[in-house]
Structure formats: structure tokens, C-alpha cells
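**Q** Dropping a structure here in C-alpha cells format, bear with me for questions.
The values are calculated or read from the model by the stated rules, or taken from the named source; none is laboratory data. Note that the structure is a prediction, hence the values are computed from the model and not measured. Cβ coordinates were reconstructed from backbone atoms using ideal geometry, including for glycine residues, and neighbour counts include every protein chain displayed.
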Amino acid sequence: MSNVIINRAETSKIESVDFENLTFGNTFTDHMLVCDFRNGQWEQPVIQPYAPFLIDPSAKIFHYGQAIFEGMKAYKDEHDDVWLFRPDQNYDRFNKSAVRLAMPEIPEEVFIDGLKQLIQIEKEWVKKGNGNSLYIRPFMIAIGSGVIAAPSTQYRFMIILSPAKSYYSGEVKVIIAEHFSRAANGGIGAAKAAGNYSAQFYPTKLANEAGFQQIIWTDDATHTKLEEAGTMNVFFRINDTLYTAPTSERILDGVTRKSLIELAARENIKVEERSVLVAELVEAAENGTLKEIFGAGTAAVVNPIVGFSFQDKYHELPKIENSFALELKSKLTGIQRKELEDTFGWTVKV
Ligand code: COI
């Protein structure tokens with residue numbers, strides 16, 4: 001593998017973008033990185049103008065959903081330097097997902113070095129200030145043709161970039177899953193596989209129609225243990241302890257999740273990684289010991305959940321003064337934007 005080939009766009013669309021009013025994931029920068037896998041090896045990566053491309057209609061991505069992705073963010077500090085947050089974690093997880101979906105692992109120089117070169121070119125798209133970031137979407141799809149149900153021999157790895165503000169614009173209320181499941185033991189729940197997300201669209205649509213933004217998934221076998229929400233891991237604060245489900249074959253090993261656990265420990269907030277039962281949550285809501293629920297994810301950052309519904313009963317959470325969610329969010333985003341000292345060594349300069 002040699003260096004990245006760069007084909008620059010002739011014009012930029014940046015002047016036409018309203019950076020104050022961005023809808024998450026709808027606006028993309030001028031360039032994208034493309035790297036194909038053929039004949040058993042990765043070809044030279046290319047940074048080229050962002051544009052649609054052709055794939056054979058029989059390609060396995062269309063028929064068998066052989067596709068994985070990552071979600072990352074870049075931030076600009078007050079000196080105009082751009083920083084990535086724990087990119088090694090996304091790189092490792094991407095390759096774990098690749099192995100689980102029988103796809104080739106991507107070399108670090110394509111994923112990390114290619115990403116840094118792409119962001120250098122798109123530096124103007126990373127805006128400074130609270131709430132601003134550049135959302136990074138690396139992904140890989142099976143482009144080999146033929147509808148035989150077997151892994152492809154050809155793949156395309158790509159990185160696209162999208163300037164972002166918040167993922168959720170209003171209050172987030174959730175339904176606890178009683179029937180549908182996100183993942184099962186032995187399945188692909190721990191991989192960031194495209195199908196894990198599309199499988200949630202129908203139950204989430206039903207939840208949206210009932211006035212809820214997300215579902216908190218429960219274990220597929222008994223529906224008694226709280227696991228994760230579709231776009232984020234979940235934390236529950238009962239009295240002054242935070243609980244979050246341990247990672248498993250069913251739960252995504254979230255980078256924000258693991259960072260919050262480390263951050264909370266540093267801030268002397270007690271965190272336990274253990275299964276929380278639905279019955280325990282309902283009881284804590286009823287006896288007043290449930291103080292907070294919040295989601296944690298790259299896109300969603302730290303997102304307070306204002307209430308949950310279970311068996312058609314809605315439980316509103318109390319408004320509290322010393323929110324752990326807000327405290328951890330401000331510490332995490334402070335580190336990401338280089339406003340607070342990064343004692344963990346999480347931030348990596350582009
Ligand atoms: C992310 O948080 O980056 C994710 O990948 C979740 C996605 C559904 C927006």
C-alpha cells in the first residue's frame with residue numbers, strides 16, 4: 001500500500017452551507033476517501049470529490065447487507081488545530097466488525113492516516129465552539145457481484161464527513177422493549193453492522209408513532225434485562241450510583257460508554273457495569289430512587305432521557321440539580337474540544 005492519491009474538487013460547496021442549522025447527517029464535505037479491496041489485497045486509497053458511484057445490481061451489499069461502519073468525530077480547538085477522539089478504538093472495533101462479517105481487515109495506514117489526510121483537506125468544515133463537530137463515517141461494503149449467498153471477494157472502504165450539531169433536537173423519551181429484539185447471543189449485536197440498525201427501524205417507527213424517540217432494548221431471551229438504545233448505550237442513575245449493562249455479544253462496545261466509565265471513576269462517581277432489570281428500574285422510578293437515565297454515543301454524545309414507558313405506563317423522571325449526565329457531558333466535551341486537560345491521552349491531533 002502506498003500513499004493516498006488526491007484528486008481535488010474544482011469547487012467547494014462550503015459557502016452554501018448554513019452551519020447554524022444543520023440536520024444531523026444530511027450535509028457532506030467536498031471530498032471522500034475510497035479504497036477498494038480486489039484480488040486479495042487493498043488497492044491505493046484515493047481522496048476524490050464527494051459523488052455517487054456505480055455498483056453492479058447483483059453486488060452482495062444489496063442482497064445480503066454485508067456492510068459495516070463506524071461513527072467518530074473531529075473537533076477544532078481555539079488555535080484552529082483539529083483533534084480526533086480515541087480513533088484507535090474505532091479502528092479496532094471496525095476490524096472486529098469486519099472479521100464478524102467475513103470482510104477483510106483494513107490497514108491502519110488507510111483508516112487512520114487516510115482519515116487524517118482527508119480531514120486536513122476539509123479543515124474549513126470543522127467549526128469551533130460548543131456543540132460543533134465534524135462527524136466521520138468510515139464504512140465498508142461488499143461490491144463483488146453475484147447473488148450466491150457467500151462473502152464477496154471485492155470490497156469498498158470509504159470515509160465521508162458531515163459537519164454536525166446535535167443528533168436529537170428535542171426531549172428524548174423511550175419505550176422499554178417487550179417483544180422486538182435488537183440482538184441475540186451468537187449474533188452480530190457487538191459488531192457495528194448496518195443490519196443491526198435497519199432491523200430497529202420498524203420497532204422504532206412504532207415507538208415514534210406512539211410519541212417516543214427511541215427504544216431501550218432488553219435481552220432477547222427474557223426481556224427482563226436493560227441493554228442499549230438503538231443509537232447509544234444507556235446509563236441509569238439509581239440514588240448516586242450509575243449502572244450500565246456490561247458489554248456482551250449483544251451490546252456494542254461504545255467508545256463514549258467506556259470513556260464515561262473512566263471519567264466517572266476519576267470524578268468519584270460510582271459506576272457499576274452490571275445488568276439492570278426492568279423490574280428494578282420500574283421500582284426505582286416508583287420509589288423515587290431513579291434519578292437519571294441517559295444515552296451515550298458518538299453522535300448523541302450524552303443525551304438525557306426524560307422518561308420511559310413500560311407496559312403502557314409512562315414514568316417521568318424528576319428534574320434534578322446535580323445531573324451526572326450534564327457533569328460528565330461537560331467534562332467529556334471539554335476534553336474533546338481541548339478546553340480541559342486530557343489526562344487520559346484520548347485526543348489525537350490531525
Ligand atoms: C454513532 O453514534 O456514531 C452511531 O454510529 C450511531 C448512529 C446510529 C448515528
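**Q** Taking the criterion of being under 26 Å from Ala142 (Cα atoms), of a type in the set (A, V, I, L, M, F, W, C) and buried (at least 18 other Cβ atoms within 10 Å of the Cβ), would at least one residue in the range 2-21 satisfy it?
**A** Yes, the range 2-21 contains at least one residue that is under 26 Å from Ala142 (Cα atoms), of a type in the set (A, V, I, L, M, F, W, C) and buried (at least 18 other Cβ atoms within 10 Å of the Cβ).
**Q** Of the numbered conditions (1) buried (at least 21 other Cβ atoms within 10 Å of the Cβ); (2) farther than 21 Å from Asn233 by Cα, Phe294 satisfies every one except a single condition; which is it?
**A** (2)
**Q** If I go through the range 219-252 residue by residue, how many of them are farther than 29 Å from Asn322 by Cβ and of a type outside the set (A, V, I, L, M, F, W, C)?
**A** So the answer is 8.
**Q** Is the range 86-109 home to any residue that is under 16 Å from Asp36 (Cα atoms), of a type in the set (Val, Ile, Thr) and within 16 Å of the ligand (Cβ to nearest atom)?
**A** no
**Q** Considering each residue of the range 271-298, count those that are in a strand (DSSP E or B) and within 16 Å of the ligand (Cβ to nearest atom), and give that number.
**A** Residues in the range 271-298 being in a strand (DSSP E or B) and within 16 Å of the ligand (Cβ to nearest atom): 4 in total.
**Q** Taking the condition of being more than 16 Å from the ligand (Cβ to nearest atom), assigned to a loop (DSSP other than H, G, I, E, B) and on the phi < 0 side of the Ramachandran plot, how many residues in the range 236-261 meet it?
**A** Final tally of qualifying residues: 5.
Matching residues to (1) small (Gly, Ala, Ser); (2) buried (at least 20 other Cβ atoms within 10 Å of the Cβ):
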position: Thr218; (1), (2): no, yes
position: Asn233; (1), (2): no, yes
position: Asn239; (1), (2): no, no
position: Glu249; (1), (2): no, no
position: Gly254; (1), (2): yes, yes
position: Arg257; (1), (2): no, yes
position: Ser275; (1), (2): yes, no
position: Lys313; (1), (2): no, no
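**Q** Pick out the one residue from Ala51, Ala59, Ala67 that is modelled with pLDDT of 95 or more, within 16 Å of the ligand (Cβ to nearest atom) and of a type in the set (A, V, I, L, M).
**A** Answer to the check: Ala67.
**Q** Anything in the range 198-214 that is in contact (Cβ under 8 Å) with a residue 24 or more places away in the chain and either within 14 Å of the ligand (Cβ to nearest atom) or not assigned by TED's automatic domain parsing to the domain that holds Glu228 (or both)? List them, or say none.
**A** Ser198, Gln200, Thr204, Gln213, Gln214
**Q** Is there any pair linking a residue in the range 41-60 that is closer than 17 Å to Pro104 by Cβ to one that is polar (S, T, N, Q), with Cβ under 7 Å and at least six apart or on different chains, and which?
**A** Short answer, once both residue conditions are applied: Gln44/Ser2; Ala59/Ser145; Lys60/Gln66; Lys60/Ser152.
**Q** Next question, about the same structure. Could you say whether any residue in the range 181-197 is outside any helix (DSSP H, G or I), within 20 Å of the chain's Cα centre (by Cα), crowded, with 19+ Cβ neighbours inside 10 Å and more than 16 Å from the ligand (Cβ to nearest atom)?
**A** yes
**Q** Take the residues in the range 122-139 that are charged (D, E, K, R) and over 13 Å from Ile14 (Cα atoms), then tell me which one is farthest from the ligand (Cβ to nearest atom).
**A** Out of the qualifying residues, it is Lys128.
**Q** I need every pair where a residue in the range 69-85 that is hydroxyl-bearing (Ser, Thr, Tyr) has its Cβ under 8 Å from the Cβ of a residue that is assigned to a loop (DSSP other than H, G, I, E, B) and away from the ligand (no atom under 13 Å from the Cβ), sequence separation at least 6 or different chains.
**A** Hits for this filter: Tyr75/Val126; Tyr75/Asn132; Tyr75/Arg337; Tyr75/Lys338.
**Q** List the residue pairs whose Cβ atoms are under 7 Å apart, where the first residue sits in the range 230-258 and is in the same structural domain as His315 (by TED's automatic domain parsing) and of a type in the set (S, T, N, Q), the second is within 16 Å of the ligand (Cβ to nearest atom) and in a helix (DSSP H, G or I), and the two are 6 or more positions apart or on different chains.
**A** Hits for this filter: Asn233/Arg257; Thr244/Arg257.
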